[in-house]
Each structure stands twice: as structure tokens, then as C-alpha cells.
Amino acid sequence: MDSVLKEYGRLQKSGDFGKYVSDIDQLLGALQKARNTINSAPQSRREQLALVKSSTTAFAEKIGNTQKDIHSSLSKYSKALDKKFKIDIETSYNRSAFPPSSRTLLDRAIAMHLIREGHFEPADKLIKDASLSIPDVIEEEFKNMYWILAALRGHDLKPAIDWAASKREKLAAMGSNLEFSLHRLQFIHYLLTTVDEETGEPVNSTRRALQYARENFAPFGERHMASLSKLMCAFLFNSNLEKSPYVNIFLSPSAWDDVAKSFTKEFCSLLGLSSDSPLYLAAAAGAIALPTLLKVGTIMREKHTEWSSENELPVEIPLPESMFQFHAIFVCPVSKEQTTDENPPMMMPCGHIVAKESLGRMSKGNPNQRFKCPYCPNESIPNQAIRVYF
Ligand SMILES: [Zn+2]
């Protein structure tokens, strides 16, 4: 693999088309200058033309050399690739998986992927050329999402907060904490910033953060009291947050990325889409499976066997859990919170399911206390409830 990477590095270095452009720009500049000089002083024509001739020859040589460099690096790179990857991928390619009739589906998957990745121009071109019917509203939504994400990258939370507020009920029904997370990050950002972003004037960070908390935290008091208490206690350590017990909350290096990720996830969920592009996931799973499938293909050819089960792989291919495990979410009907490993869904003997914390609250923290199911007349005790895995 080293030889491939080496040639790739060389190609990147020499394949810089910017050099072409700047050389040509320089040549155009020289020609323009000669023309202006001749216009204003026609007697210098002969001298100027001689100059133009010599500079054109020099530039042509320079441009030719750049081109030669690129071609030579490109051919070395492709040779290194051919040497490294000798196996013919065609052997594990199932042509019948993509019959001509599925062409539109494939085009649609690619167009949707481009939209989801924010490549709107090529997406529009593909939609037009392949006459796909993808509602304009999807592209508009993703444009809005990328606009909000760009603001987030610039540490401007307002567009994301406005969006979350406008979707408050839907987000709450999903058990999302996004709106609170955004406000919390804004509070932390204010506490850590001593200069006003808009005016560039110094600000009293503590006062600004406290003001923000007063104006925005009230609606979250009931559900996020524990988090709010931590945020408020952090004021005590304002001058020395690095050594405070709250260092992870206030100085988390991934805070902005985490919020951007959860925003993207919730945004896609409300559109009824997964947060990762399905085409990306399919291609990634394929790339992981390919080496194994190529090996199996070689063995089967050597032993003259065939795999006859249709639509089934001849070997098991484990995919990394972090990316390829999909779980349904469960929102407790009592607390309206999404269940987690710490607060898992529990099924009572009557079959109704609530979060473990709700179970605790209904039985006043006593595992043997009888209580009535909030959804049916049955009574039970917390110890009879069992954990449910989705
Ligand atoms: Zn019940």
C-alpha cells in the first residue's frame, strides 16, 4: 500500500492545476500589456511583438512541462494501483443486482445522496437529466440545514435555536433534548467569551451568561433540573474552570461537533430520514465486505463450487456496531423522555412499558410498593417489571 500512497502523494503535488491557471493568467497579462503599449505607442510595435513572441514561447514551454509532470505522475499512480490491486472486482459483481429497470432507483439514490451531502448543483443536474421526481421541498430543507450548520460552525447558535423552537412539539414527541442542548451551549459560550462577537467590545461574560440563563432556561427547569444546577454551580468556578468538577461540561473539545451532530440527526428525523445517507452506508458496508467476498470468490473458483442461495451472502460479514446498528427509539409515555441505558424501558406485568425512572417515581422509590399502571387498571410492583430491549 505504501507505493500507492507514495505515488498518490506525488500526484497531489504535481497535479496542481492551479499552476496551469496562474501560468496562463500571467501570459494573458503579458499579451494585454503588449496590446496596450502598441495602442498608445504604435512605433513600438516591432519591439513589442518580439517581446510577445519570446514570452509566449517561454510560457508554452512552462505549461508543457507542468502538463508533462501531471501525465507522468498520473501514469505512475495508475501503474502502482494496477500492481497492488490485481484481483478483478468483476468476479464478485452481481450484474443482475442492478437490472435496467432499477436504473431510476439508483439515480434517485445518488441524487438524494448529493442533496444530503449539500452538493445541490450536481444533484439538480442529475434530477433534470434523469427526469427524477424528487420534491423541491427536500432540497430546500437541506439547504436550510446546511445554512444552520454553517452558522453553528461559526459559533452562531441563533439559527439552530430558532429552528429547534419552531419544532418544539415535534422534537419533544421524539424525546429530543436538542433545544436544551443548544441553549446550554449558548450559555457556556457566553460564559467563556469575553468579547462581543458583533461589536468586538469587551463584555462581562458572567453577567451576559446569567442574563441568558434568566431569559431562556425557565421552560427547561422541570425536565433538566440536574443539568441546570450544574451550569449554575459552575459560576462559582468561573475564574478557574479548568480545575473545577465541571471541566468536562464547560471545556469539552467536542461540544460544538456534538451539538452539530445531534442537530443533523434530529433535523433528518423530522424529515423522516436517517441521519446518514443510505447510499453512503450501503457503499461503506460494501467496501468492508469486498475483500472477504473476493477471497470467497477465489476459493469457490478454485474448488469449482457455486453459491446457489439467492439474495444471501455465502459468508457472514460483521459490520462495526458504531455505524451499522440501528435501534428504534422508545420515549417513555409518562416522562416523555427518550430511554437510555441508564434509564431503560421496563415492561410491567400488564404489558405496558415506561422508563425505569418513571417506574421509580410511581412507586415512590420503593421496589415493593404497589402502584397502578398509568394506562390500564392493573396494579403491580416495580420488582415485577422486566427490561425491554428494542
Ligand atoms: Zn398497564
Separation of the range 345-390 and the range 208-227 by C-alpha centroid, Å? 31 Å
Let me check against my output: what whole-number percent is the relative contact order of the range 172-225, with C-alpha pairs under 8 Å and at least 6 apart? 31 percent
With the calculation restricted to Cα positions, what are the radius of gyration and Dmax of the range 225-309 in angstrom? 24.6, 74
P(r) of the range 326-390 in 10 Å steps, Cα pairs, percent per bin? 24, 58, 16, 1
Would you calculate, for the chain, the mean residue ellipticity at 222 nm contributed by helices, counting each DSSP H stretch of 4 or more residues as -39,500 (n - 2.57) and dividing by all residues, to the nearest 500? -18500 deg cm²/dmol
Once ligands and nucleic acids are excluded and a 1.4 Å probe is used, how much of PHE17 is accessible, expressed in Å² to the nearest 10? 120 Å²
Just want to confirm a number: the relative contact order over the range 62-137, from Cα pairs under 8 angstrom separated by 6+ residues, in percent. 20 percent
In bins 20 Å wide, starting from 0, what share of all Cα pairs of the chain does each bin hold, as a percent? 17, 35, 34, 12, 2, 0
Give me the distance between the Cα centres of the range 230-254 and the range 115-148, rounded to whole Å. 41 Å
Give the share of C-alpha pairs in each 5 angstrom bin for the range 268-388, from 0 to the last occupied bin, in whole percents, shortest bins first. 2, 9, 14, 13, 9, 8, 9, 9, 8, 7, 5, 3, 2, 0
Placing +1 at every Lys and Arg Cβ and -1 at every Asp and Glu Cβ, with all other atoms neutral, what dipole size does the chain have around its Cα centre, in debye to the nearest 20? 620 debye
Based on alpha-carbon atoms only, what is the radius of gyration of the range 2-83 relative to the globular estimate 2.2 N^0.38 Å? 1.59
Test of understanding: express the Cα radius of gyration of the range 167-228 as a ratio to 2.2 N^0.38 Å, with N the residue count. 1.27
Could you list, in their original order, any pairs among LYS6/LYS84; LYS158/LYS230; LYS170/LYS364; LYS128/LYS265; LYS167/LYS336 whose Cα atoms are separated by more than 21 Å? LYS158/LYS230; LYS170/LYS364; LYS128/LYS265
Whole-number Å³ per residue for the convex hull built on Cα positions in the range 115-220: 121 Å³
Relative contact order of the range 326-390 (C-alpha contacts under 8 Å, at least 6 apart) in percent is 31 percent
In whole angstrom, largest first, the equivalent ellipsoid semi-axes that the Cα gyration tensor gives for the range 154-270 are 24, 16, 14
Ranking ALA164, ALA30, ALA130 by how far each Cα lies towards the positive end of the charge dipole of the chain (+1 on Lys and Arg Cβ, -1 on Asp and Glu Cβ), the top one is ALA30
Solvent-accessible surface (1.4 angstrom probe) belonging to SER176, in square angstrom, nearest 10: 10 Å²
Rounded to the nearest 10 degrees, what's the angle between the helix 205-216 long axis and the longest principal axis of the chain, both from Cα atoms, 0 to 90? 60 degrees
Can you list, largest first and rounded to whole Å, the semi-axes you get for the range 1-149 by taking the square root of 5 times each eigenvalue of its Cα gyration tensor? 46, 28, 14
Cβ-based net charge around ALA130, under 10 Å, with every Lys or Arg adding one and every Asp or Glu removing one: +2
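The values are calculated or read from the model by the stated rules, or taken from the named source; none is laboratory data. Nothing here was measured: the structure is a model prediction, and the numbers come from that model. We place every Cβ from the backbone using ideal geometry, glycine too, and count neighbours over all the protein chains shown. Quick note on the areas: whole protein, heavy atoms, side chains included, nothing else; ligands and nucleic acids left out. Shrake-Rupley method; radii C 1.70, N 1.55, O 1.52, S 1.80 Å.
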